[in-house]
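The values are calculated or read from the model by the stated rules, or taken from the named source; none is laboratory data. Source: prediction; values computed, not measured. For neighbour counting, all protein chains shown are included, and Cβ atoms are generated from backbone atoms with ideal geometry for every residue, glycine included. Remember, those area values only see protein heavy atoms, side chains included, never the ligands or the DNA or RNA. Shrake-Rupley method; radii C 1.70, N 1.55, O 1.52, S 1.80 Å.
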Amino acid sequence: MANLLRSELYKLYKEPSFRILCFTFIFVAVILSGVIHYMGSDQKVFSGISGLGQGVQVNVIVLKISLAVVGGFFLSGEHGLGIMKISVASGYSRRQIYTAKLTAYSIGIIILSLIVPVICVIAGSLLNGFGSLPEIPAALYLFRTLAFTILYAAAFASMVAVFAVTTTISGITIGAVLLVMLFFDTLSEWLSGKWAVYREFYEHSVFKLSMDIATPTPTTYELTLLILIPIATILVFAWLGIMSFRNMEIK
């Protein structure tokens, strides 16, 4: 299993789309930091803490692009290249293969999701200091926000992987994932206004909760939801992915 995981991580490292996104997001983070700094004022200084907030906001679109592009080329693209068929014939169980692919994919999405916030924090801290918050120690806020960023990136990756691994055309994966990620929240807000049941479902989903990961002082109940919902999402969708991959005919 360890060798299988190392193989998947190496393929992720060599994946051109992953490398391009890494360099693109680094560039975006540097430009964003410069723009925020020069547009700042005495009342609104670009510090490490404010940079974290800006980075988390930008991460909304970063995560959606990453899930679609890496899922399409790294997971779905293996069908067209025949790599998936070779993997299945390698002697490992399908559960092991899917687990390794999901782990590598999740790590890739986590790395991409951390680039913008981390660079913005570093840039803001170097320019104007780390900053502080009146409600909570700044270091605790930084650790918690980055931890939630990692957790929710893994949760979304587990959801997309179910579709990406079982889809044989990368273009379909990229288009479908982008479509869902870009419009799901808007559609859900509209449906929530019409059906109370759907509102409860949406408000307790990773889609809605991911918007609250940078909240400085969540209540105990909110903090519990922020932790348990993504963990449950990972477990449920990892199991669904394994079941789907086991029953899939790979040509």
Inset, instruction - Could you check how many residues of the range 148-177 are open to solvent by 50 Å² or more (accessible area, probe 1.4 Å) and at pLDDT 85 or above? - result: 2
Inset, instruction - Please identify the pairs in which a residue from the range 180-196 that is more than 19 Å from Val160 (Cα to Cα) has its Cβ atom under 7 Å from the Cβ atom of a residue that is part of a helix (DSSP H, G or I) and open to solvent by 60 Å² or more (accessible area, probe 1.4 Å), counting only partners at least 6 apart or on another chain. - result: Ser192/Arg199
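Restrict the check to the range 38-46 and report whether at least one residue is touching a Phe, Trp or Tyr at 6+ places or on another chain (Cβ under 6 Å) and at pLDDT 75 or above. Let's see the steps before the verdict.
Going through the range 38-46, the residues touching a Phe, Trp or Tyr at 6+ places or on another chain (Cβ under 6 Å) turn out to be 40.
Narrowing further to those that are at pLDDT 75 or above: none.
No, the conditions are met nowhere in the range 38-46.
Pull up the range 180-192, narrow it to residues that are open to solvent by 50 Å² or more (accessible area, probe 1.4 Å) and either among the β-branched types (Val, Ile, Thr) or more than 16 Å from the chain's Cα centre (by Cα) (or both), then point me to the one that is nearest to Leu75 (Cα to Cα).
Step one: of the range 180-192, the residues open to solvent by 50 Å² or more (accessible area, probe 1.4 Å) are 180, 182-183, 186-187, 189-190.
Filter once more, keeping what is either among the β-branched types (Val, Ile, Thr) or more than 16 Å from the chain's Cα centre (by Cα) (or both): 180, 183, 186-187, 189-190.
Details: Val180: 18, Phe183: 23, Thr186: 27, Leu187: 27, Glu189: 31, Trp190: 32 Å.
Among those that are open to solvent by 50 Å² or more (accessible area, probe 1.4 Å) and either among the β-branched types (Val, Ile, Thr) or more than 16 Å from the chain's Cα centre (by Cα) (or both), it is Val180.
For the range 193-214, which positions are surrounded by fewer than 16 Cβ atoms within 10 Å (Cβ to Cβ) and touching a helix residue (DSSP H, G or I) at 6+ places or on another chain (Cβ under 7 Å)? Please lay out each step first, then the result.
Of the range 193-214, the ones surrounded by fewer than 16 Cβ atoms within 10 Å (Cβ to Cβ) are 193-198, 200-201, 203-204, 211-212.
Residues satisfying the conditions are Tyr198, His204, Asp212.
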